[in-house]
Amino acid sequence: MTEAIRGFWVASATPLATDGSVDSAKLAAHAKQLFSKGVDGVVLFGTTGEGTSFNVPERVATIEAMLKAGIAPERIGIGGGFPAITDSIALTRAVLGLGLRHVLLLPPYFDRSVTPDGIEDAFAAIIDGIADDRLRAYLYHIPQTSGVAIPTNVAASLRKRYGKQVAGLKDSSGDFKQFQAFRVASPELAITVGNEADITRAIAAGGAGTICGMANVVPELVKGMVEGKDVEARMQAAIDIVLKTPSFTATLKAILAAQTGDAGWLRVRPPLRASSDGSAFLRKIDALMAPAIA
């Protein structure tokens, strides 16, 4: 098994059944379709996957279903961030027992006055509570959403304390200077970026690759960024189409519904509201995809 997430990974959207539960069969089919387009792995229940809307048993049951569908455990990462440290520990122990290793951990959120020492204490409490050398944890830096940034010195300190158990960091800040700061502070960390427009420059600067949401709908374009092709302007234009909507996740799902002809992709969990403009967004994105990426 790989020691760290590297290459081209997708922050997967989560399809829902009519009762609001995870449609695991559709999720497995989506992952396999992405793999056929050059994707190395999928991360489930992150920001794009509405992760904070799913509890521990739901996430574990989904992983079990994915494995039964033939998805290899080394190609699956999972969002393991919860306000309660005990939930992060319980989820991680469960998925490690199923053969997974890659778990993304958010810093403590809700309390915006938390100190750097407090952030480090929270991560340490999770890792110590899991107490399993198989763990490969990824610190998840997305302060514009979580409300809590991961200080560069905390990331470096955790790597020194726990070695390979703190395998990497996902920087979804969209600030390339922040990515560079993480690289300087802890060059041993495998740092992936969430901002698709930064993928090529991040890899050139020693980054490990990407875990990103846009690959749900334009995997070929993201793969072009990973391979260093001259597609950054097209990638940024595609990002802008989605970001200028009320919900990145709901819009991606609407585009997936239009691409697949499956209206089930429109379903989201509250507080999100479904988008009905997928066909219009898809036409704009299709225009960016022509000519095909060579």
Viscosity 0.890 mPa s, temperature 25 °C, Stokes-Einstein D of the chain from Kirkwood C-alpha radius, µm²/s:
129
What is the distance in Å between the Cα centres of the stretch 130-199 and the stretch 28-45?
23
Taking only DSSP H segments of four or more residues, each worth -39500 (n - 2.57), what value at 222 nm results for the chain once the sum is divided by all its residues, to the nearest 500 deg cm²/dmol?
-13000 deg cm²/dmol
Relative contact order, percent, the chain [alpha-carbon distance under 8 Å, six or more residues apart]:
18
Of all trypsin sites (Lys or Arg not before Pro) in the stretch 84-116, the ones in DSSP coil with at most 14 other Cβ atoms within 10 Å are R112
Take the Cα of K68, step 7 Å along the line toward its Cβ, and report every residue of the stretch 3-20 whose backbone nitrogen sits under 15 Å from that point.
none
Cα-based convex hull volume of the stretch 51-113 per residue, rounded to whole Å³:
74
Rounded to two decimals, what ratio of Rg to Rh does the stretch 170-245 give with C-alpha atoms and a Kirkwood Rh?
0.96
Can you pull the three principal axis extents for the Cα set of the stretch 143-274, in Å, largest first?
48, 37, 24
Taking a crude spin-label model, label points 7 Å out from Cα along the C-beta direction, the D19 to S113 distance in nm is 4.4
Spin-label proximity, Q236 to the stretch 261-285 - amide N less than 19 Å from point 7 Å beyond Cα toward beta carbon
285
About its Cα centre, how strong a charge dipole does the chain have in debye, to the nearest 20, once Lys and Arg get +1 and Asp and Glu get -1 at the Cβ?
340
Residues of the stretch 177-275: accessible area per residue with a 1.4 Å probe, Å²:
40
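DSSP loop (so not H, G, I, E, B), at most 15 other Cβ within 10 Å: list which trypsin sites (Lys or Arg not before Pro) in the stretch 131-224 pass both filters.
R134
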Carbon/sulfur fraction of accessible area - the stretch 137-203, other protein chains in place, 1.4 Å, %:
50
Suppose we look only past 12 Å in the calculated P(r) of the stretch 20-59. What percent of the Cα-Cα pairs does that tail hold?
63
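Quick check: residue separation of R93 and L272 times 0.36 nm, minus the Cα distance between them. What number comes out in nm?
Details: separation 179, 0.36 × 179 = 64.44 nm, distance 2.95 nm.
Difference between extended and current length: 61.5 nm.
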Treating only the Cβ of Lys, Arg, Asp and Glu as charged (+1, +1, -1, -1), what charge dipole size does the stretch 1-71 show about its Cα centre? Round to the nearest 20 debye.
240
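The values are calculated or read from the model by the stated rules, or taken from the named source; none is laboratory data. Since we're looking at a predicted model, the values are computed, not measured. Cβ atoms come from the backbone with ideal geometry, glycine included; neighbour counts cover every protein chain shown. What goes into the accessible areas is simple: the full protein's heavy atoms, side chains included, and nothing from ligands, DNA or RNA. Shrake-Rupley method; radii C 1.70, N 1.55, O 1.52, S 1.80 Å.
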